[in-house]
Amino acid sequence: MESIAEKLRTAREEKGYSLEQVARDTHIAKRYITAMESEDFSVFPGEPYLIGFLKNYSAYLGLNPNEVVHLYRNIQLQEQPAPIDELLDRRGYSGVGRIVLIVLVVLVLAVGGIFLFTDWFTGVSGQSTDAPVIAEAVPDVAPR
């Protein structure tokens with residue numbers, strides 16, 4: 001597969017254009033033309049500028065601008081690392097961590113159940129606090 005640099009440089013040299021002439025005719029700075037012909041894309045202030053320059057320069061040389069931009073995008077895709085680490089989230093709990101988490105959840109639920117279903121908090125277990133109180137009859141004893 002032919003690179004962008006080879007494609008642009010070959011087309012320019014076949015037409016007999018100098019870098020100065022191309023810069024003058026396209027209004028693209030010579031350093032950007034040199035960068036495109038050496039595939040040094042770090043020189044450009046941003047990708048939109050690079051895409052625009054690639055389109056203008058390739059059209060000036062009689063090349064298909066969309067094909068050249070497509071070649072650039074393929075290069076960018078190849079240079080990006082595979083997002084395997086992002087797809088495989090390894091921040092999960094380890095085997096021991098999962099067991100500890102499960103035990104803690106079970107304990108919290110058990111203690112919550114004890115407090116909810118008994119009156120353990122008040123000190124009376126299993127008895128209703130609404131039971132009627134029966135008072136014993138106390139004889140009236142008058143002092144003599």
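Values quoted throughout were computed directly from the atomic coordinates according to the rules given, and no laboratory measurement underlies them. It should be emphasised that the depicted structure is a prediction, and the values quoted were computed from it without experimental measurement.
Going through segment 32-79 one residue at a time, which ones are in a helix (DSSP H, G or I) and polar (S, T, N, Q)? Break it down into steps so the answer makes sense when it comes.
The first filter runs over segment 32-79 and keeps only residues in a helix (DSSP H, G or I), leaving 32-38, 41-43, 47-60, 65-79.
Selection gives Thr34, Ser38, Ser42, Asn56, Ser58, Asn66, Asn74, Gln76, Gln78.
The residue that is nearest to the chain's Cα centre (by Cα), counting only those in segment 1-31 that are assigned to a loop (DSSP other than H, G, I, E, B) and among the hydrophobic types (A, V, I, L, M, F, W, C), is Met1.
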